1. Along each principal axis of its Cα atoms, how long is segment 346-443 end to end? Whole angstroms, biggest number first, please.
2. To the nearest µm²/s, what D does Stokes-Einstein give for segment 471-527 at 4 °C and 1.567 mPa s, using the Kirkwood radius over alpha carbon pairs as Rh?
3. Please give every one of the lysines within straight-line cross-link reach of K206, meaning a C-alpha to C-alpha distance under 21 Å, and leave out same-chain neighbours fewer than 8 residues apart.
4. For N89 and K136, calculate 0.36 nm times their separation in residues minus their Cα-Cα distance, and state this gained length in nm to one decimal.
5. Using alpha carbons only, how many angstrom separate the centre of segment 640-662 from the centre of segment 511-564?
6. Okay, which of segment 165-182 sit inside 20 Å, backbone N to the point 7 Å along the Cα-Cβ direction of E39?
7. What does a probe at R264 reach in segment 274-300, counting residues whose amide N is under 17 Å from the point 7 Å along Cα→Cβ?
8. Under the 0.36 nm per residue contour assumption, what length would be gained going from the current alpha-carbon distance of D633 and L691 to full extension?
Amino acid sequence: MESEGKGWHYGSLFFYTACAVALFSPRVTGQIRYSIPEEMAEGSFVGNIASDLGLKPNRLISGKARVFTADSSEYIGLDKENGHLVVKNKIDREELCGEISACSVSFDVIFENPMELYRVTVDIQDINDNSPVFPKSKIEQEISELAVLGARFPLESAIDPDVGVNTLQKYTLQPTDHFKLNVQIGGGGNKNIEMVLHSPLDRENKKLHKLILTALDGGKPQRSATVQINIIVLDGNDNAPVFSQSSYKTSVVENAPKSSIVTRVSATDADESSHGIQYYFEHASSTVKALFSIDADSGEVKVIGDIDYEKHKQFTVKVKAKDHGGLTDSSEIIIDVIDVNDNTPKITIMSFASAVSEDASPGTVIAMINIQDLDSGDNSKITCSIDLNSPFKIISSLTNYYNLVTYSELDREQSAEYNITITAVDGGNPPLSSKDIFNLKISDVNDHTPQFEQESYNAFIAENNPPSTTILTVKAVDMDWGPNAKVSYFLIDGDLNGAPLASYISINSESGVIYAEKSFDYEQLKSFKMQVKAQDGGSPPLSNNMTVNIIIQDQNDNAPQVLYPVQTGASVVAEIVPRAADVGYLVTKVVAVDVDSGQNAWLSYKLQKATDRALFEVGLQNGEIRTVRQVTDKDAVKQKLTVVVEDNGQPSRSAVVSINVAVADSFPEVLSEFTDFTHEKQYDENLTFYLILALAVVSLLFIVSIISIISVKIYRWRQNKLFYKSGATLPVIPYYPPVYADGTLQHVYNYEMCGTTDSRMSDMKFVRPYSQNTLVSQSRMGTVQREKKQEVDDLTLEFCFSNTSQYWCTVNSIPPTNTHTHSATLC
């Protein structure tokens, strides 16, 4: 069970984060978050936890809900009657979180029967409830009238405990006659302010300048703070301070307690305000600064470090006195050190190899050490030792000289560094000792091969993946360090389905992310193996191989295929159902397959369309079409069923098959009823194609018809024009083919043709006195019809014209195979 909740900001929805955590029991708990402003009154509404978690109204009471906080702080309370979280104690964000901008309180709401725990986080939003505050209510600043232009005088910044926009944003300074304000942002985001002198000061003209510095925050409403700055103009300095002695001589005991007063120096100044003299060490060495200090106001010299007679028997320190105008005087302090026998052995490192290779042989020198004791006699005799249980030992080479060497093999992977403590003890009573610690790092040698986190990886990827899809990430770890531990990943060359493996898979050499270079097809490739090599950056490099098993997961990318009945457009196949068929009669069975696998290949059948839905049904799982009732005389003979085959994929794919069913008892009856089935077409599939084809054919026929009509009209016009122009009688010129002599034709055919000059209609009659061959021809409107086909090789028409309305012509025809004469008389 996963809890759901909603957060509220000022009583409105903020956000909710689901978190699955098992705690105390198998129940799954959740996390909910609210946001409220600070300083809300006690009893203020935070959120309705019962509603946000989707709990029943009485769950808080029956489950004995209570609020638990680890630190026992009770800022938020629970009202179990109405399920409200309320403010129990007023929350001050600045007191709770200080300068941290992200502030929140967390607690747990615990239920019993069953035990559940919900983690609640309430974000505390800052409000502008604090004004900027200056550390001082008034600032006194003394500035010499001789101060140069551009001189800077730092000021203390204001403090605003709010955060974000509610905190301190800017400063203003008024008036700005002599000074202007310069604000700088520090490394931590703090604003550092200083006054910059931009106009000369004149003490004789004005001794006191009063300025107002204002700090403003960015809240609404805006809050501010002010501080008064009093600038006291000092008189010019024209006398230098003078020390009371040109040289001070004193002494100090070795190992004197810190803060012991060594001496006191003093100087006087004839100018006004001579009490403003400051004392400093001049060009003091680091040793002097480490052992002594001087009070800048009083001139007291004190001990701040451990004074060792064996190191320094005397100190000479130069001291300087400086007045407020910058004039100085110098003197010196001679400090004699009184010896005390208190020296411990001093360990001096002469040479030290901070790193040693892990393949260093035993006896390798790590460090050369000199140990001195400035005391004398037995107090200066040294005994040197190191820690036990380490692969090192210390040996004496010369007097007061020691070598730190290895005595066993090193392994960086077991211990990358050693802190070696060397102890030197003198012979005094009681003995004094000293210690020194060496931090020795073991440098790496490439002696480990990369090791994969798993011996083999199994990765799953769905087919039809887009190229560059991430398959998995392999990880190998090298126990070496630095470049020797930098692991690079490579694919070991190989072939897959006859193609290089790199054309299918690639790997990021740095991250080990394996990508698919192309889309996989589960139906062609279900799984494959490949070798990945992890190689470190050592010299020479070491490597290790690992096997990755890539399993292609099937997707529903193939629609079912209908195997039976076979759908063809060339013939019609109909299933016959006898009229006496019983209920449940098996008409036919739809057989389909899906090349996908798993649930993507689970097929179901349903009847989408039928001429009579009440007569047939299809089995959901087996595709069997059966009758659901008895056949009656009212049932049509022709029945057409549409079956949808659908797989179980997401989303599902389907195929449709149409089945013709004949309700009849005999085949002739089926044949007579289904004759018209062959003429049925699926207009929705080829309608567009047939419309375009019909349009093209009609257009072509129209164009050809127009051209033919125009050609015939032109031809008739030219023939009529030639006919009417022939006014004189033309002689009849007999014509004989060149292969026949005159009078050699054995048969003669006579044709009688009559026509007039004022008529475009003519008649031609055939007279058959000589032959049985019949040819009747009428050339009315230019058309000739033959009753019996006869091949004519040559036909000659001879016309005789006269001035009368009648004319005559003779037609001679010479057949190719026999000698017949065809003649026609034109009247």
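The values are calculated or read from the model by the stated rules, or taken from the named source; none is laboratory data. Everything quoted here is computed from the prediction, not taken from an experiment. Neighbour counts are summed over all protein chains in view; Cβ atoms, including those assigned to glycine, are modelled from backbone coordinates with ideal geometry. Only protein heavy atoms, including side chains, enter the accessible area calculation; ligands, DNA and RNA are left aside. Shrake-Rupley method; radii C 1.70, N 1.55, O 1.52, S 1.80 Å.
1. Projected onto the principal axes, the Cα atoms of segment 346-443 cover 46, 22, 18 Å.
2. 99
3. Result set, ordered by chain and number: K138, K180.
4. Length gained, N89 through K136: 13.7 nm.
5. Here the two parts' Cα centres lie 36 Å apart.
6. Inside the label zone: 165-170.
7. Label zone hits: 275-280, 293-300.
8. Difference between extended and current length: 16.9 nm.
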